[in-house]
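Below is one structure, written out as structure tokens; comments come after it.
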Amino acid sequence: MIMEQIQQVMRECGQLMLGADRSHANIETKGTSNNLVTKYDKAVQEILQKKLLEIVPEAHFVGEEETVHDPIATGKAFIVDPIDGTTNFVKDYKSSVISVAMTQDGELELGLVYHPYLDEMFTAQRGKGAFRNGKPIHVSSQPLEAGLTLYGSASYYPELIDDSFRLLRKAFDRSMDIRRSGSAAWDLCCIAAGRAELFFELRLYPWDYAAGALIVREAGGMVTRVEGGDISLSGPCSILAVGSNVDAGFLRE
Ligand code: 2AM
Ligand code: CA
């Protein structure tokens, strides 16, 4: 029931994105010149915050915009990215998603990612599997040699760029080819759906990957930090996601 209600809210936000007037999007920068935010990021987060808290009134709320960052360690908490892939949104590249996770006592409980341009809704509940538009999905069982590598360039962090491309070259040499969507949440859905075999990015925030991480795990894949170890839901970390037949140990050599 909660899942259906959340999906309804996300679809409504998707309509707002599809109907956006990009010539009046009030594009601003945050911190660095390539880190963008628009009035639509803020508007979608406002809708999510209002309506998700109507569905689960006791929940805490963490959203990328406007520094709404409640603690998540106890009780229920939403972790939300109103538009993951903001640069794509500004460019009309049509590769942006809405990402909503819910935790219980700091553990991922629900994950939903909606791609309004493709009308694809990815959902997962802990222990209950992962779904695309209501149909079960599973990660790829192909080896990387027959697979695709997805990556994020960590373009906001100059100190990570050389390392990112060094790892990318290693993964490129071992896979059929590489792809870059510009949305980490979407990349994780592509791993979950078996459309690609490996994804990595050296620094992301929980709202970028919380929902997608649960979706990948429930689809049978593995999500860790690039350097190994469990991911963080309380602060940024690196992210590595793989299908069921990929050993990403080579990235650490
Ligand atoms: P965004 O579009 O919501 O900003 C692309 O490499 C990925 O990095 C996207 O998922 C993007 O999310 C995310 N990203 C954007 N700004 C970031 C920042 N300051 N730090 C870390 N990741 C960021
Ligand atoms: Ca965002």
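The values are calculated or read from the model by the stated rules, or taken from the named source; none is laboratory data. Note that the structure is predicted; figures quoted are calculated from it, not measured. Reconstructed Cβ throughout: ideal geometry from the backbone, glycine too, with neighbour counts over all protein chains shown. Remember, those area values only see protein heavy atoms, side chains included, never the ligands or the DNA or RNA. Shrake-Rupley method; radii C 1.70, N 1.55, O 1.52, S 1.80 Å.
Choose one answer from 176, 121, 222: the residue with the largest mean-square fluctuation in a GNM of the chain with alpha-carbon springs under 10 Å.
The residue with the greatest mean-square fluctuation here is 176.
Note down the relative contact order for region 134-193 as a percent, whole number, built from C-alpha pairs under 8 angstrom at least six residues apart. If you can, show how the numbers build up before the last one.
On the way: 56 pairs, mean separation 30.0, N = 60.
Once divided by the residue count of region 134-193, the mean separation gives 50 percent.
So for region 114-253, what are the equivalent ellipsoid semi-axes in whole Å, largest first, each being the square root of 5 times an eigenvalue of the Cα gyration tensor?
22, 17, 14
Tally Lys and Arg at +1 and Asp and Glu at -1 over the other residues with C-beta under 12 Å from the C-beta of residue 8: what net charge comes out?
So the environment of residue 8 carries a net charge of -1.
How high is the FRET efficiency from residue 28 to residue 172, r the C-beta distance, R0 35 Å, rounded to 0.05? Walk me through the numbers on the way to the answer.
Working: r = 34 Å, r/R0 = 0.98.
About 0.50, to the nearest 0.05.
Rolling a 1.4 Å sphere over the protein heavy atoms, what is the accessible area per residue of region 126-253, to the nearest Å²? Walk me through the numbers on the way to the answer.
Working: 5470 Å² over 128 residues.
Roughly 43 Å² per residue, with all protein chains present.
Could you look at the chain and say what percent of its accessible area is carbon and sulfur, using a 1.4 Å probe and all protein chains? Present the calculation step by step, with values, prior to reporting the outcome.
Values: 5460 of 11020 Å².
After summing per-atom areas, the C and S share lands at 50 percent.
Within a Cβ distance under 15 Å of residue 155, other residues only, what is the Lys/Arg minus Asp/Glu net charge?
Values: positive: 30, 91, 180, 203; negative: 84, 159, 162, 163, 187, 201, 208.
Neighbour charge sum, excluding residue 155 itself: -3.
Taking the Cα centre as origin and putting +1 on Lys and Arg beta-carbons and -1 on Asp and Glu beta-carbons, what dipole magnitude results for region 38-88, to the nearest 20 debye?
With Lys and Arg at +1 and Asp and Glu at -1, about 140 debye.
Give me Rg over Rh for region 115-194, both radii from the alpha carbons and Rh done the Kirkwood way, two decimal places. List each step's numbers first, then the result.
Working: Rg = 14.6 Å, Rh = 14.2 Å.
Rg divided by Rh gives 1.03.
Where is the GNM fluctuation largest for the chain (alpha-carbon springs, 10 angstrom cutoff): 221, 152, 127?
Highest fluctuation among the options: 127.
Enter the mean projected area of the convex hull around the alpha-carbon atoms of the chain, in nm², rounded to one decimal. Please list the in-between numbers first.
Working: hull surface 49.6 nm².
The orientation-averaged projected area of the Cα hull of the chain comes to 12.4 nm².
Please find, in a Gaussian network model of the chain (springs between Cα atoms separated by less than 10 Å), the residue of 32, 87, 123 whose mean-square fluctuation is greatest.
Most flexible of the set in this elastic network: 32.
Could you pull the accessible area for residue 179 with a 1.4 Å probe, rounded to 10 Å²?
Approximately 120 Å² of residue 179 is accessible to the 1.4 Å probe.
Using a Cα distance threshold of under 19 Å, what count of lysine pairs results for the chain when pairs must be 8 or more residues apart or interchain?
Pairs that pass both the separation and distance tests number 14.
Over 26 Å apart: what share of the alpha carbon pairs of region 1-131 falls there, rounded to a whole percent?
Cα-Cα pairs of region 1-131 separated by over 26 Å account for 20 percent.
Show 29, 67 ordered by accessible area, largest first, where the area counts protein heavy atoms only and the probe is 1.4 Å.
The residues order as 67, 29, largest area first.
I'd like the distance separating the alpha-carbon centroids of region 192-225 and region 1-80, in whole Å.
20 Å
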